[in-house]
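Structure record follows, encoded as structure tokens.
FYI, it's all coordinate maths here, none of it is from the lab. This one's a predicted model, so the numbers in the text were calculated from it and none came from an experiment. Backbone-built Cβ (ideal geometry, glycine too); neighbour counts: all protein chains shown.
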Amino acid sequence: MSLREKVVQLADLLLASNKTVVLTGAGISTESGIPDFRSPGGLWSKVDPMYAFSAETFIYRPAAFYEAGLPHLNTIMSAQPNRAHEVLAGLEKAGLLACVITQNVDNLHQKAGSVRVLEVHGHLRSATCMKCGSKITWDYLLDKVFAGQIPPRCSDCQGVYKPDCVFFGDSLTADFEVAIRETADSDLMLVVGSSLEVAPVNHLPMMAKELAIVNVGPTAADHKAGLLINHKAGETMDLLWNELLKRGAVKQEA
């Protein structure tokens with residue numbers, strides 16, 4: 001089956017569904033210039049994740065994150081949404097998408113215009129003091145680091161600030177519980193750009209009544225999917241938008 005034929009099938013699934021949720025991973029953001037973590041040349045090839053991004057390491061040696069991990073994460077903040085992000089935002093506006101569940105911390109869905117975004121791995125918009133719970137913006141956190149305060153500390157209690165993203169060993173955010181309910185209540189889950197290797201988020205597709213996957217490589221849930229599209233997210237989602245436009249299911253340009 002050709003890519004276009006699969007996209008037609010995806011449009012059929014989307015229009016037949018009363019409630020659709022999307023799960024996105026690192027693969028949707030590679031076209032925005034953010035390297036996949038696990039691929040050759042990705043973040044994990046440059047820094048040991050269990051050293052720089054471990055919750056346990058952060059408690060005892062927070063400077064390890066700020067020296068080795070933060071420079072890599074900070075490059076994410078300058079990235080811009082790509083066509084896949086734009087189309088998902090357009091589908092939400094058209095009433096064809098209930099929410100986006102994302103494993104990413106890059107804020108690109110919100111930049112593209114998505115409103116209901118469940119960030120199960122947190123985000124890089126703020127940081128929280130581990131002692132008193134006060135919050136500061138990401139920019140203010142960077143100001144402290146660039147001024148030489150490593151690790152950056154709360155001016156009130158001298159507690160260390162921790163970014164509001166999920167480290168290895170952390171619990172997932174409260175959004176994960178919402179994501180479970182949204183998935184259980186949906187007719188269709190569309191996975192875009194995730195190999196579904198990371199637990200417990202990779203359990204969500206197993207709960208879906210119907211599953212479609214758009215991902216360049218194989219995933220851990222391929223056996224469950226009714227539709228597999230092994231192609232880049234940007235081109236695939238653009239073709240989907242044009243197919244829906246042709247059918248009159250969407251009216252505005254995404």
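Only Cα pairs within less than 10 Å get springs; with that Gaussian network setup on the chain, which residue of SER54, SER155, SER126 has the largest fluctuation?
SER155
Can you give the longest run of the chain that contains no GluC sites (Glu not before Pro) sitting in a DSSP loop with at most 16 other Cβ atoms inside 10 Å?
1-196
Could you name the aspartates and glutamates in cross-link range of LYS251, using Cα to Cα under 13 Å and dropping any fewer than eight places away on the same chain?
Leaving aside aspartates and glutamates fewer than 8 places away in the same chain, those within reach of LYS251 are GLU92, GLU243.
In whole Å, how far is the Cα centre of segment 179-207 from that of segment 74-142?
18 Å
Among PHE176, PHE53, which comes first, second and so on when ranked by fewest other beta-carbon atoms within 10 Å?
Ranking PHE176, PHE53 by Cβ neighbours within 10 Å, fewest first, gives PHE176, PHE53.
Note down the net charge around THR128, summing +1 for each Lys or Arg and -1 for each Asp or Glu among other residues with Cβ under 9 Å from its Cβ.
+1
Which cross-chain or sequence-distant (5 or more) residues have an amide H under 5 Å from the amide H of HIS231, H modelled 1.01 Å from N in plane?
Long-range HN contacts for HIS231: ASN215, VAL216.
Decide, for segment 164-208, between rounded, prolate and oblate: order the square roots of the alpha carbon gyration tensor eigenvalues as a ≥ b ≥ c, take rounded if a/c falls under 1.5, and otherwise choose prolate if a/b is larger than b/c, else oblate.
Since a/c reaches 1.5 but b/c is at least a/b, the shape of segment 164-208 is classed as oblate.
Would you pull out the residues with amide H under 5 Å of LEU118's amide H, same chain only if 5 or more places away, H placed 1.01 Å from N?
VAL100, ILE101, THR102
Once you list every other residue whose beta carbon is under 10 Å from the beta carbon of LYS209, what net charge do they have if Lys and Arg are +1 and Asp and Glu are -1?
With Lys, Arg at +1 and Asp, Glu at -1, the net is -2.
Test of understanding: ordering HIS72, HIS223 by Cβ neighbours within 10 Å, fewest first, what list do you get?
With the sparsest Cβ surroundings first, the list reads HIS223, HIS72.
Looking at the chain, identify the longest residue range that excludes and avoids all trypsin sites (Lys or Arg not before Pro) in DSSP loops having at most 16 other Cβ atoms within 10 Å.
132-208
Would you kindly derive the ³J(HN,Hα) couplings of segment 98-106 from the backbone phi angles with the Karplus curve 6.51 cos²θ - 1.76 cosθ + 1.60 (θ = phi - 60°), listing them in order in whole Hz, with x for Gly and Pro?
Couplings: 7, 6, 10, 9, 10, 8, 7, 10, 8 Hz.
With the contact rule set at Cα under 8 Å and sequence spacing of 6 or more, what percent relative contact order holds for the chain?
RCO, the chain: 25 percent.
Hey, can you grab everything whose amide H is under 5 Å from the amide H of SER126? Only 5+ residues off in sequence or another chain; H modelled, so Pro and N-termini drop out.
It is TRP138, ASP164, by chain and number.
Just want the ordering: VAL7, VAL250, from fewest to most Cβ atoms lying within 10 Å of their own Cβ.
Least crowded to most crowded, the residues run VAL250, VAL7.
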